[in-house]
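Here's the structure we're looking at; comments come further down.
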Amino acid sequence: MKFINLLLSVVLAFSFVNSQGQNRIDDNISGKVDSVMSLMTLEEKIGQLNLITGEGEVTGPVTMDRNYVQQIKEGNVGSMLNVNGSEYTRRIQKIAVEQTRLGIPLIFGYDVIHGYKTIFPVPLGETATWDLGTIERSARIAAVEATAAGQHWTFAPMIDISRDARWGRIMEGAGEDPYLGSKVAQARVRGFQGRYFNEKHTMLACAKHYVAYGAARGGRDYNTVDMSIRRLKETFMPPFRAALDAEVATYMTSFNELNGVPVTGSKRFVKDIIKDQWNFNGFIVSDWGSIAEMIVHGIAKDEYEAGNLAMNAGVDMDMEGRIYIRELKNLLEEGKISEEQINDAVRRILRKKFELGLFEDPYKYCDEEREEKLLLAEPHRKHARNVASESMVLLKNENEVLPLSKNLSSVALIGPLVKADKEYIGTWSAHGEAKHVINSLEGFKNKLGENTDIVYSKGCDITGEKKDGFADALEKARNAEAIVAVVGESAMMSGEALSRMDIDIPGVQKELIMELAELDKPLVVVLMNGRPLTIPEVDEAVPAILEAWLPGTEGGNAIADVVFGDYNPSGKLPVSFPYAVGQIPVNYEHKNTGRPRQEDVRYTSKYIDGPNQPLYPFGYGLSYTTFSYSDIRLSQEKIDFDETLQVGVTVENTGDRAGEEVVQMYIRDMVGSVTRPVKELKGFRKIFLQPGEEKEVTFDISPDDLAFYTKDMQYEAEPGNFKVFIGTNSQDLKEKGFKLVK
Ligand code: NOJ
């Protein structure tokens, strides 16, 4: 007990200096941390590096019996994951504060990926909004709800670039592009972390999974990654660096090996880059058991060696592996690691506990009243509906089938996803519950008046071969004025450990769509899925296709908003939709090769059985209105290294509805000391235009925007000829040349 009092007096002695203001840059925290550390034994310090699971979602092997209460009392636990709710977190926090020698509070972490109770579209879908304000707001709301339920730390944002739609976790990220991925990463970090950690509703964010996890061989989760350092730095690192610029509090190392060394044990990639080059002062956590997994990878003989690798790599916290608890003392005694390394890790973690204000009030996030009031609050649901509508991408709309009229006499809602509430929220849906979901049938009922007869038929299951529901579905569809088929993947077909080798619409759903298409009626396919699907036949057969992703709690209302024209779709794909799985990886930012594809020329780079281009390219998405782009205007044709070029276009809404357009700007370096991609996204702007309205959109291009890793791996621009492209997607672009001169 006397130690707790001593600790409190130490903390209070420093507290007056920090009654307000930005905790993240409060220098007094170092003093407080040092004071606490001066009271700690080696065992207590090592305990701070141990993160163990509570009773929530378990996503890997649990390494010991789950009597975590005893472990907390013994001072062996610094943080916990999967302990949710004010009551549960308060109960556990009380043990740490009142029944350990020093009373150091725990950090509670959780996978708050796309909402806590109110669930937003899966992150890949949300990225399709290209609306950084909206994305930031979702993360903010997620933080407001999660902190009201006792959480201090989210294992998000997941910022792994991926160009492989087979990989189940592509759904958790921002897609294929490092520029867009970096902007989205920053928006999410800002949203979760808010302004100051000492406010009640901000939480630590965690940039994960560092690094190159999204490049798993064959798209199979946890698989090996082997890539050039240039590719790593140009494509996979930028979002992690961008997260640092947004002051992300923590990083998580990934499960994968990278060029022969699991990242969790790689000093070269973790400590040398994040801590030494980037001067990161937060802490780095392993993924679940990823320290121990180094034994299975075959790079460590036993737990002792695994702990040695991870600690020397700069991993500060061991997630559900208990390797640090078991081995750090031995490693220290045998001189494999130093006391300073342990101290540094502890210091980083305690610092965050101070920044969060946990020493002043360990229960500040455990507030039943706030929890009751804020979870699923009306403004949160409203945002969920808006962001879901904004995330939807209109892939096809022949003969303006969409939007459907609200005066239809009847509409047939067909498909296994129409009423499948739990699928709408996807995986990683935290405390989201199916019972709060508005499905498509409910959404349509909410939208349409009594004069429209809404008929429903499931038709078939999401997977499986059974077609005995076809007859009913076809009959109902035949008698309706318009058909809307809601089809795609279940929640459990994307996310962790949910890779697929065939990314077509599963089961017999495609056959059902083909039969519906034969009826020759207005037919809309609404796709729900967590990854790009290969749908060339559906694209061929069906006049209107709307990509709705896994749209979250308000999904059905949002689908109805778009289908009936209350929201004019503005989403753009953050990832290419392959034509066939054999094209993977297929992404807009590729090299030209020495023999770029030429139609009917044999010895050029192409497939003999299909196109090189994806079915729908990156940045693609239609609207119910149309936009025209003027030619590109340049402020000058040449710039030197001190100058900035302004490039501009005029965009006009040439249709008869108001709408939003994402204006995209790409560049190409025509000749470099190493070959450069045919296009790289360097800017985008989302604009709103009334019918007939025009807007001028300008972008600045500075030599920094033209920089890349040169032949000597220097990050700089090289003088020469460039092209700038501006347009509505990565393929449909105006272009103009300019020069960078020395
Ligand atoms: C393993 C996942 O890879 C990671 O993203 C997640 O944060 C942890 N499990 C904790 O659930």
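Summary table below
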quantity: Out of 445, 476, 466, sole residue that is modelled with pLDDT of 95 or more and within 30 Å of residue 376 (Cβ to Cβ); calculated: 445
quantity: Looking only at the range 202-236, and only at residues there that are in a loop (DSSP other than H, G, I, E, B) and within 15 Å of the chain's Cα centre (by Cα), the one that is farthest from residue 262 (Cα to Cα); calculated: 205
quantity: Subset of the range 258-288 that is aliphatic (A, V, I, L, M) and in a helix (DSSP H, G or I) - its residue that is nearest to residue 233 (Cα to Cα); calculated: 273
quantity: Pair list, Cβ < 8 Å and 6+ apart or interchain, from the range 492-505 residues that are assigned by TED's automatic domain parsing to the domain that holds residue 549 and over 14 Å from residue 167 (Cβ atoms) to residues that are aliphatic (A, V, I, L, M) and assigned to a loop (DSSP other than H, G, I, E, B); calculated: 492/498; 504/533; 504/535; 505/533; 505/535
quantity: Leading residue by the ranking (nearest to residue 323 (Cα to Cα)) among those in the range 41-60 that are within 11 Å of the ligand (Cβ to nearest atom) and in contact with a strand residue (DSSP E or B) (Cβ under 8 Å, 6 or more places away or on another chain); calculated: 51
quantity: Per-region count, the range 478-528, residues under 12 Å from residue 416 (Cα atoms), crowded, with 24+ Cβ neighbours inside 10 Å and small (Gly, Ala, Ser); calculated: 2
quantity: Residue 174 being outside the structural domain of residue 679 (by TED's automatic domain parsing) and under 11 Å from the mean Cα position of the chain (by Cα); calculated: yes
quantity: Residue count, the range 453-468 (criterion: closer than 17 Å to residue 419 by Cβ and either in contact (Cβ under 8 Å) with a residue 60 or more places away in the chain or in contact with a helix residue (DSSP H, G or I) (Cβ under 8 Å, 6 or more places away or on another chain) (or both)); calculated: 8
quantity: Flag for residue 300 being more than 16 Å from residue 352 (Cβ to Cβ) and within 16 Å of the ligand (Cβ to nearest atom); calculated: no
quantity: Within the range 638-742, strands (runs of 3 or more DSSP E) holding 2 or more residues that are among the hydrophobic types (A, V, I, L, M, F, W, C) and at pLDDT 95 or above; calculated: 645-653, 659-669, 680-689, 694-701, 720-727, 733-741
quantity: Lone unmet requirement of (1) surrounded by fewer than 19 Cβ atoms within 10 Å (Cβ to Cβ); (2) within 16 Å of the ligand (Cβ to nearest atom) for residue 201; calculated: (2)
quantity: Residue selected from the range 80-120 under the condition acidic (Asp, Glu) and part of a helix (DSSP H, G or I), by the criterion nearest to residue 370 (Cα to Cα); calculated: 87
quantity: Residues that are away from the ligand (no atom under 11 Å from the Cβ) and either within 11 Å of the chain's Cα centre (by Cα) or at pLDDT below 95 (or both), drawn from the range 155-171; calculated: 159, 161, 162, 170, 171
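Table: residues versus (1) touching a residue at least 60 places away in the same chain (Cβ under 8 Å); (2) crowded, with 19+ Cβ neighbours inside 10 Å.
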| residue | (1), (2) |
| --- | --- |
| 644 | no, no |
| 649 | yes, yes |
| 674 | yes, no |
| 690 | no, no |
| 699 | no, yes |
| 703 | yes, no |
| 724 | yes, yes |
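The values are calculated or read from the model by the stated rules, or taken from the named source; none is laboratory data. Keep in mind the model is a prediction, meaning the values are calculated, not measured. Every residue, glycine among them, receives a Cβ derived from its backbone with ideal geometry; neighbour counts consider all protein chains shown.
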